1. In region 32-50, whose amide N lies under 19 Å from the spot 7 Å out along Cα-to-Cβ of Ser92? List them in ranges.
2. Find the centroid of the Cα atoms in region 85-159 and in region 21-44, then give the distance between the two in whole Å.
3. For Ile131 and Ala160 in one chain, what is 0.36 nm times their gap in residues minus the Cα-Cα distance, to one decimal in nm?
4. Determine the sum of side-chain charges near Phe130: Lys and Arg each +1, Asp and Glu each -1, restricted to other residues whose C-beta is under 14 angstrom from that of Phe130.
5. Given the protein chains as shown and a 1.4 Å probe, how many square angstrom of Glu84 are accessible, to the nearest 10?
6. According to a simple spin-label model (label point 7 Å from Cα along Cα-to-Cβ), what is the distance in nm between Phe26 and Val116?
7. So if R0 is 41 Å, what FRET efficiency would Trp167 and Ala62 give, r being the distance between their Cβ atoms, rounded to the nearest 0.05?
8. Can you divide the C-alpha Rg of region 71-132 by 2.2 N^0.38 Å and report the result to two decimal places?
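The values are calculated or read from the model by the stated rules, or taken from the named source; none is laboratory data. Please read all numbers here as calculations on a predicted model, not as lab measurements. As a convention, Cβ positions derive from the backbone with ideal geometry for all residues, glycine included, and neighbour counts pool all protein chains shown. Heavy atoms of the whole protein, side chains included, go into the accessibility calculation; ligands, DNA and RNA do not. Shrake-Rupley method; radii C 1.70, N 1.55, O 1.52, S 1.80 Å.
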Amino acid sequence: MALPALRPLSMGEILDVSFQLYRRHFAALATVALICSGLPVLLSLFIEASGGMLQHVWLTLAYYGIFMVLSAIATAATVFIVSESYLGRPLSAAEALSRAAPLLWRVIGCSILMGVLAMVGFVLFIIPGFILISGVILAYPVLVLEPGTTASGALSRSWALTRGSRWRIFGMLVTLVLLLYIPVIALTTLAALVLPAAAPGSAITSGLAALVLAGVLQLFLYPLFYCVLTVTYYDLRVRKEGFDLEVLAQTLQTA
């Protein structure tokens, strides 16, 4: 794939590039999603079909542990695939997962810190809480793509990198949610209403069928979220740090 024209992008261009990367490398992204999200989705469906979380406390705890570990690996692997693709170096799902594994605990630590910040932000403030999340949301690509970065260091780096662009990022995240998750909610709600309930005593209900649909849709939608974050990360580096000139210099040295 030819190296993209590294230049400042508008919000529409970031979304357009992200969708292009998602379509072009759908096979690798979907493979990572299926490997890392398939088991948690199936486990959650089993728990729901067999009585719910209160009936299977230990299994529910195991689900959350598995979900946290596999989600962290999927996040790092997805960022690797998108980043390498954006820079003209396509990466297979297997290699991305191999690269992601050593970052497991740092990504988990970053997620925990981000969750704490989100909780504090939304409890104390509403709009400032959204802006806080917009300021640290690039911690994931920072942690994955900048070697040696700690979880707290990734949050600080994201906060510095997004300075002056947080309202723009907030608007882009809202747009992405409207484009992706509102249709998912609408489709699953429609499925729960339209699909007929199963026979009494059956584990399969219209609600469970809707949950299956939501799980399948989310498997294939969440990689697009990290496509947008990764492209936004590079966009800000081009704007603030001359990353396009850095890539050009490396290309000339290689030549």
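1. Answer for region 32-50: 32-36.
2. Spelled out, the Cα-based centre of one part sits 19 Å from the other.
3. Numbers: separation 29, 0.36 × 29 = 10.44 nm, distance 1.33 nm.
Here the segment from Ile131 to Ala160 would lengthen by 9.1 nm.
4. For residues surrounding Phe130, the net value is +2.
5. Here the residue's solvent-accessible area equals roughly 30 Å².
6. 4.1 nm
7. Numbers: r = 41 Å, r/R0 = 0.99.
Result of the calculation: an efficiency of 0.50.
8. Values: Rg = 15.2 Å, N = 62, 2.2 N^0.38 = 10.6 Å.
Normalised Rg, Cα atoms only: 1.44.
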